[in-house]
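To start, the structure itself, in structure tokens.
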Amino acid sequence: MRILALGVVAVLLAGCGGAGEGGGTSGGDAERDGGRDRHVRAGRHPPAADRARRPGYATISKGAQAVYSYVNDAGGIHGREIDYRVEDDGYNPTRTVEVVKKLVLQDKVFALVGGLGTPTHSKVVDFLTAEGVPDVLVSSGALAWDDPGRSPMTFGFQVDYTREAKILGTHIAEAMPGREVGVLHQNDDVGRDGMAGLDRVIEDAIVSRQPYDPANADVLPQLTALRQSGAEVVVCECVPAFTALAILTAARLGYQPRFVVSSIGADVKTLTGLLADFGERAGAEVSVPALLSGMTGAGYLPDADSDDPWITLFKEIHAKYIPDVPLTDTVVFGMAQAYTFAQALKEAGRDLTRSKLLAAFESGKIEGPGMTPFAFSGESHAGYTGAYVFTVDSEVRTNVVREPMVTDRGDGPVTPAPSARKTPADVALVG
């Protein structure tokens with residue numbers, strides 16, 4: 001197999017980035033801004049067109065819009081259609097501030113839903129709190145979103161990096177005993193929170209910790225250091241583009257560790273697209289099955305290829321509204337996130353206000369597509385509380401090797417998640 005030169009990958013990834021109400025400035029009607037009459041206006045700030053992210057994060061909004069179209073075509077939530085406003089922030093924190101201010105001050109969104117990215121979204125949380133705008137289902141597993149005292153408007157969505165890393169670390173300890181472990185991590189809360197979880201269970205096994213800068217696509221020094229350390233397992237706390245880059249770089253070096261990848265970078269279909277795209281652009285032959293076979297990953301939503309009842313519904317929505325978009329786990333992420341927001345709107349009732357939306361999230365009644373429960377309550381704004389573990393076989397199929405588990409962010413045990421889950425029929429969102 002001929003692996004594309006690292007310099008070409010760097011060119012392809014150049015510019016790639018890494019997921020109580022206040023007084024407000026909208027006047028006396030701030031409680032209802034963006035939620036009046038027959039519409040609820042929801043905003044989001046994803047990176048939309050970065051070449052390295054095109055097979056990945058850009059499709060989250062498409063999945064979300066498909067669900068909102070499904071809801072709207074069925075009459076909306078309590079008669080209100082969801083008006084979805086998406087602004088491209090390019091995964092640039094400065095741009096994030098600009099587009100979020102536009103969404104809030106000009107478009108007057110009722111809520112921001114699924115703001116993406118730790119370095120980007122962290123720059124707007126205080127602004128949203130001050131403006132009294134619900135900031136829900138953040139697309140990042142950073143611990144920062146779970147701070148009801150300081151950021152009462154903000155709620156997470158995906159499992160946080162610390163809980164997930166505890167689960168992955170437990171799997172490494174039990175399935176790969178005695179192996180020396182290296183960590184490749186994004187040099188921000190993604191990495192720091194993830195390492196905190198790993199250290200809860202396998203700190204003594206970690207022989208090297210290598211941060212990467214999401215603005216610098218050259219990870220050759222990091223992979224070289226991991227190889228020299230003797231790490232037989234590499235935990236990748238990485239976004240999809242850098243997961244792909246790490247795998248390609250290791251292959252170029254002849255380094256064959258077992259990659260264990262957190263959920264933010266473990267969507268196999270997205271990685272397949274990235275690896276194939278990088279290879280095609282570089283004029284190189286890349287064997288995706290050879291590169292991904294043996295990879296271990298984590299997930300907290302049902303797999304896009306499964307027969308889970310939520311996937312059955314999402315496939316129907318996908319076929320009707322976005323048939324030209326490949327149904328990846330990343331698209332499912334957007335669909336699940338949108339469905340969860342719609343559930344909260346339903347729970348908030350017909351007389352919709354921002355306070356009632358926040359109360360709906362804190363009620364503990366929001367259940368849905370995830371494989372583990374949410375942590376939502378008055379005391380916690382964390383999202384999903386656990387994950388399952390899978391491996392990738394030689395035909396690039398995923399196989400669950402550890403059923404959904406839940407844990408806390410401290411020294412609590414990793415235990416089986418509740419097996420009972422609501423189905424779409426139980427939620428009865430439309431109809």
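Close amide-amide hydrogen proximity is noted between Asp83 and Val40, Arg41, Ala42, each under 5 Å apart and 5 or more residues distant or on a separate chain (H modeled in the peptide plane; Pro and chain starts excluded).
Full extension of the segment from Asp126 to Gln228, taken as 0.36 nm per residue of separation minus the current Cα-Cα distance, would add 32.5 nm.
Spacing of the modelled spin labels on Glu403 and Lys315, each 7 Å from Cα toward Cβ, amounts to 2.3 nm. A probe of 1.4 angstrom, applied to the heavy atoms of all protein chains, finds Arg179 with accessible area near 100 square angstrom.
Of all DSSP beta bridges confined to the chain, the antiparallel ones make up roughly 30%. For segment 162-218, taking the reciprocal of the average inverse distance between every pair of different Cα atoms yields a Kirkwood hydrodynamic radius of 11.6 Å. Label reach from Ser363 (point 7 Å along Cα→C-beta): in segment 146-172, no amide nitrogen lies under 17 Å.
Taking Met405, Met153 and ordering them by how much accessible surface each has at a 1.4 Å probe, largest first, produces Met405, Met153.
Distance between the pseudo-spin-label points of Asp73 and Asn187 (7 Å out from Cα toward the beta carbon): 4.7 nm.
Sorting 67-73, 110-116 by average packing, meaning the other beta carbons within 10 Å per residue, from highest down gives 110-116, 67-73.
Report the number of Lys pairs in the chain whose alpha-carbons are under 15 Å apart, with separation of 8 or more residues or on distinct chains. Working shown, then result.
Numbers: Lys62/Lys315; Lys62/Lys320; Lys101/Lys123; Lys102/Lys123; Lys346/Lys356; Lys346/Lys365; Lys356/Lys365; Lys365/Lys422.
Going through the chain pair by pair, I get 8.
Under 5 Å from the amide H of Val234 lie the amide H atoms of Gly182, Arg258, Phe259, Val260, each residue being 5 or more positions distant or on a separate chain, with H modelled from the backbone and absent for Pro and chain starts. Stretched out straight at 0.36 nm per residue, the stretch from Ala428 to Asp351 would grow longer than its current Cα-Cα span by 25.8 nm. Stretched out straight at 0.36 nm per residue, the stretch from Asp393 to Glu174 would grow longer than its current Cα-Cα span by 76.9 nm. Using heavy atoms of the protein chains and a probe of 1.4 Å, the accessible area assigned to Asp305 is about 110 Å².
The largest accessible area among Lys320, Lys346 belongs to the first residue in Lys320, Lys346, and the rest follow in falling order (1.4 Å probe, all chains). Ratio of Rg to Rh for the chain: 0.96 [Cα atoms; Kirkwood radius as inverse mean 1/r over pairs]. Accessible area per residue (1.4 Å probe, heavy atoms of protein chains only) ranks Glu280, Glu81 as Glu280, Glu81, with the largest value leading.
The values are calculated or read from the model by the stated rules, or taken from the named source; none is laboratory data. Predicted model, so just to flag it, every value in this text is computed and none were measured. Methodologically, a virtual Cβ is constructed for each residue, glycine included, from the backbone with ideal geometry; neighbour enumeration extends over all protein chains shown. Remember, those area values only see protein heavy atoms, side chains included, never the ligands or the DNA or RNA. Shrake-Rupley method; radii C 1.70, N 1.55, O 1.52, S 1.80 Å.
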